[in-house]
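What follows is a single structure, written as structure tokens, with notes after it.
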Amino acid sequence: MASILLQSPVLKPRSVIRLEGLQRRYQMGAQFIDALHCVDLEIQKNEYVAIMGQSGSGKSTLMNIIGCLDHPTAGEYWLHDERVSRMNDKQLARTRNMAIGFVFQTFNLLPRMTAFANVEVPLIYSGLNRKERLGRTNIALETVGLKDRMQHRPSELSGGQRQRVAIARALVTNPSILLADEPTGNLDSATGLEIMGLFDKLHSLGNTLIVVTHEQHIADHAQRTVRLSDGDVIEDTRL
Amino acid sequence: MLIVETIRMSLNSIQANLFRALLTMLGIIIGVAAVITMVALGTGAQRAIDAQMAALGDDILSIQSSSRFSRGVTHDSQTLTTDDAKALAIEPVHLSDVVPEIGGRLQVKYGNKNFNLSVVGTTPNYPLVHGFKLAHGEFLSAAEEASRTRAVVLGSEIPEMMEVDAAALIGQTLQIRSISFEIIGIYESKGGSGWRNPDDDLYIPLSTSQFRVTGNEFVGTISARVSDSSTIPLAMLEIERVLRREHGILPGKDNDFSIMNRKQFAESRAEATQVFKYLLAGIAGVSLVVGGIGIMNIMLVTVTERTREIGVRKALGATRGNILLQFLVESTILCLLGGLLGLALGASVSALLAKYAGWQTVVTSSSAMIAFGFSAAVGMVFGIWPAKRAAALDPIEALRYD
């Protein structure tokens, strides 16, 4: 009935992410464990969503699937009307590169490379030429306010600055969604606030943000909070 | 374009661990250096044989006394005499020159300096047959041979050995076994022939040697030049016929002399050198493979060490192919750099061997190319497994890895 209409992209033009009956099942010996049981979720363009839940609630798994790092065992995942759940490895890599920007709790910068080179990495995999990469990398670093430190290595930067580099790296391909996993988890509260301020700014610039967190004051920055428990969405509130 | 970035990336990561990279490359460096040096030695030896053949001429047969076997006993004796040489020289059919010679190491004294040198007694046609040229003075003459004159012509390195200017030696005297000889000439350098260097020898008339120095009529070697190199087998038959007659050897009995065909000898030596060369190259090749295993080992460690980096790169959009290429390029670059350093090392070792050990070595471009190509192949072959492991890593697991 309505599912046919729902699958038609024409009727839902602004939906960036659409999850339908998403399940992720792991096998532990003879037992099956559902990290995600049956998740339905839609996220529109320029939404700012916080995904909350206890550890083991399935939020990391959800994050991995949205980030195209993992396949669901059942259900569908549509990203911009593309069916991610049926993509092969190469298509997934391409999607991660073009459509998704990751921000990790531990920054995950490549230690031997400068801030500039770190931000440039996704563009290399996009296949852009040197000139285009230079321009885009500069813009991304400018957006996060780190243009003057771009020749520094991660070890020469503070925690907050490292996370800014990571955010610039996530932004540089102009992705459809920015996916942040506990982005302030390794930062002191003042620096965390600074980073959240940056997220607010990015949201106001029109980006779609998904932040996974277990801290309420972080989630308070978002317009929408999705709460997970035992692999199901138990709460979905908009401000 | 991606390959350029990949190469840059690999160079960066090699640079970041430069010392380890050097140690990793060591196997390849030694392997390639070994290949280059071994092949250079082999090629050098072959060139030396070729040069020697060209200098001596392949149309000279050497006749030497051989051990005789009679009544169940081997007799190791001198059987060749000046009469044999004379007999061979009488109306020869296939021979053009016959040169008897007798040699031995004797005490040579010049002024207050003592030497132990090889003194060759021979006939005046010796320089002609063996291709000697004069640098100073004159050759031994037939008159000197006939009158058993105490005259000596020196090999080109003797003046240097005696620390005297070559030209100034002409007309001086030196003592061979306390017998005074006048120096009448000095040869031009002929070049070493591997086992014997004719430039280190002294040359005196055969008759003088037999009657004044050694005191008997035997000669060590008779060299005979074949008039036409296509008739070597006929020339050998001729020598055999004459000498058997001279020595009174009955039909069915063994020869008490042996005839050495220099061409044949040189060919068999060249063949042996070739086998030796392949053997050395084989051993060196094995060391390259061992070097490759070293590369593989370190690349596996590197992949484990950089698991997190691989996870991050995958999250940022690297495909399996990108990761595979990155590690493959890295191991290939390691091997190529190792190959380059090995090439330099091998070339220097070859040059040092040539300079200080006096061995002729030739580094050919083909051996350099082969060693270099082989090291690149080693890098790729032994890099595949680690690179595949890196490419196959699950991004989620890799991101979680500490």
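The values are calculated or read from the model by the stated rules, or taken from the named source; none is laboratory data. What you see is a predicted model; the values in this text were computed from it and never measured. All Cβ positions, glycine included, derive from the backbone under ideal geometry; neighbour counts span all protein chains shown.
Checked against (1) crowded, with 22+ Cβ neighbours inside 10 Å; (2) within 30 Å of A:Leu128 (Cα to Cα); (3) away from chain A (no Cβ under 14 Å), B:Leu337 passes all but condition (1). A search for C-beta distances below 7 Å between a residue of segment B:132-144 that is more than 15 Å from B:Leu202 (Cα to Cα) and any residue that is at pLDDT 85 or above and not in a loop (DSSP other than H, G, I, E, B), counting only pairs 6+ apart in sequence or on different chains, returns B:Glu144/B:Ala151; B:Glu144/B:Pro205. For A:Ile210, the stated conditions do not hold, so it cannot be described as within 15 Å of the chain's Cα centre (by Cα) and in a helix (DSSP H, G or I). Among the residues of segment B:214-237, the one identified as surrounded by 20 or more Cβ atoms within 10 Å (Cβ to Cβ) and part of a loop (DSSP other than H, G, I, E, B) is B:Val219. Exactly one condition in (1) in contact (Cβ under 8 Å) with a residue 24 or more places away in the chain; (2) under 24 Å from A:Thr137 (Cβ atoms); (3) surrounded by fewer than 22 Cβ atoms within 10 Å (Cβ to Cβ) is false for A:His80; which is it? Failed condition: (2).
From the residues in segment B:365-381 that are out of contact with any Cys (no Cβ under 8 Å at 6 or more places or on another chain) and in contact (Cβ under 8 Å) with a residue 60 or more places away in the chain, which one is surrounded by the most Cβ atoms within 10 Å (Cβ to Cβ)? So, considering only residues that are out of contact with any Cys (no Cβ under 8 Å at 6 or more places or on another chain) and in contact (Cβ under 8 Å) with a residue 60 or more places away in the chain, the one surrounded by the most Cβ atoms within 10 Å (Cβ to Cβ) is B:Ala371.
Based on this model, can you work out whether B:Ser268 counts as away from every other protein chain (no Cβ under 14 Å), among the small types (Gly, Ala, Ser), surrounded by fewer than 16 Cβ atoms within 10 Å (Cβ to Cβ) and not in a strand (DSSP E or B)? Spelling it out, B:Ser268 is indeed away from every other protein chain (no Cβ under 14 Å), among the small types (Gly, Ala, Ser), surrounded by fewer than 16 Cβ atoms within 10 Å (Cβ to Cβ) and not in a strand (DSSP E or B). So is A:Thr106 part of a helix (DSSP H, G or I) and of a type outside the set (A, V, I, L, M, F, W, C) or not? Considered against the rule, which asks whether it is part of a helix (DSSP H, G or I) and of a type outside the set (A, V, I, L, M, F, W, C), A:Thr106 comes out as no.
If the condition is being under 25 Å from A:Gln223 (Cβ atoms) and within 14 Å of chain B (Cβ to nearest Cβ), then segment A:60-78 contributes A:Ser60, A:Thr61, A:Leu62, A:Met63, A:Asn64, A:Ile65, A:Ile66, A:Gly67, A:Cys68. Residues in segment A:185-200 include none that are within 30 Å of A:Gly135 (Cβ to Cβ) and in a strand (DSSP E or B). Within segment A:156-171, the only residue that satisfies the criterion of being over 15 Å from A:Asn186 (Cα atoms) and more than 18 Å from the chain's Cα centre (by Cα) is A:Glu156.
For segment B:102-110, does any single residue satisfy the condition of being buried (at least 20 other Cβ atoms within 10 Å of the Cβ) and closer than 27 Å to B:Asp50 by Cα? Within segment B:102-110 (the criterion being buried (at least 20 other Cβ atoms within 10 Å of the Cβ) and closer than 27 Å to B:Asp50 by Cα), the answer is yes, since at least one residue qualifies.
Taken over segment B:13-25, the residue count meeting the criterion of being exposed (fewer than 15 other Cβ atoms within 10 Å of the Cβ) and either within 14 Å of chain A (Cβ to nearest Cβ) or under 15 Å from B:Met299 (Cβ atoms) (or both) is 5.
B:Ala167: within 25 Å of B:Val219 (Cβ to Cβ) and either of a type outside the set (A, V, I, L, M) or surrounded by fewer than 20 Cβ atoms within 10 Å (Cβ to Cβ) (or both), yes or no? Spelling it out, it is not the case that B:Ala167 is within 25 Å of B:Val219 (Cβ to Cβ) and either of a type outside the set (A, V, I, L, M) or surrounded by fewer than 20 Cβ atoms within 10 Å (Cβ to Cβ) (or both). When restricted to residues that are surrounded by fewer than 23 Cβ atoms within 10 Å (Cβ to Cβ), at the interface with chain A (Cβ under 7 Å from one of its Cβ atoms) and β-branched (Val, Ile, Thr), segment B:302-331 contains 1. The residues listed here are B:Ser223, B:Ser268; of these, the one that is under 35 Å from the mean Cα position of the chain (by Cα), farther than 15 Å from B:Val93 by Cβ and at pLDDT 85 or above is B:Ser223.
Taken over segment A:110-133, the residue count meeting the criterion of being within 8 Å of another protein chain (Cβ to nearest Cβ) and either crowded, with 21+ Cβ neighbours inside 10 Å or modelled with pLDDT of 95 or more (or both) is 5. Among the criteria (1) within 14 Å of chain A (Cβ to nearest Cβ); (2) assigned to a helix (DSSP H, G or I), the one B:Val289 does not fulfil is (1).
If you go through segment A:51-69 and keep only what is part of a loop (DSSP other than H, G, I, E, B) and within 12 Å of A:Ala35 (Cα to Cα), you end up with A:Ser55, A:Gly56, A:Ser57, A:Gly58.
Taken over segment A:195-212, the criterion of being over 12 Å from A:Leu179 (Cβ atoms), in contact with a Ser or Thr (Cβ under 9 Å, 6 or more places away or on another chain) and of a type outside the set (A, V, I, L, M) is satisfied by A:Lys201 alone. For segment A:103-129: of the residues being over 22 Å from B:Ala16 (Cβ atoms) and of a type outside the set (A, V, I, L, M, F, W, C), which is farthest from the chain's Cα centre (by Cα)? Here the answer is A:Asn129.
Here A:Glu182 passes the criteria (1) of a type outside the set (A, V, I, L, M); (2) facing chain B (nearest Cβ under 10 Å); (3) touching a residue at least 40 places away in the same chain (Cβ under 8 Å); (4) surrounded by 18 or more Cβ atoms within 10 Å (Cβ to Cβ) except the one numbered (2). Taking every residue in segment B:334-362 that is outside any helix (DSSP H, G or I) and pairing it with any residue that is surrounded by fewer than 17 Cβ atoms within 10 Å (Cβ to Cβ), at least 6 positions away or on another chain, the pairs with Cβ-Cβ distances below 8 Å are B:Gln360/B:Arg47; B:Thr361/B:Ala351; B:Val362/B:Arg47. The set of residues in segment A:131-163 that are closer than 24 Å to A:Lys45 by Cβ and either of a type in the set (Lys, Arg) or part of a helix (DSSP H, G or I) (or both) comprises A:Arg136, A:Ile139, A:Ala140, A:Glu142, A:Thr143. Contact list please: Cβ distance under 6 Å, first residue in segment A:83-98 and more than 7 Å from chain B (Cβ to nearest Cβ), second residue among the acidic types (Asp, Glu), pairs at least six apart or on different chains. Between residues of segment A:83-98 that are more than 7 Å from chain B (Cβ to nearest Cβ) and residues that are among the acidic types (Asp, Glu), the close pairs are A:Ser85/A:Glu76. Just one of (1) in a helix (DSSP H, G or I); (2) crowded, with 23+ Cβ neighbours inside 10 Å fails for A:Gln91. It is (2).
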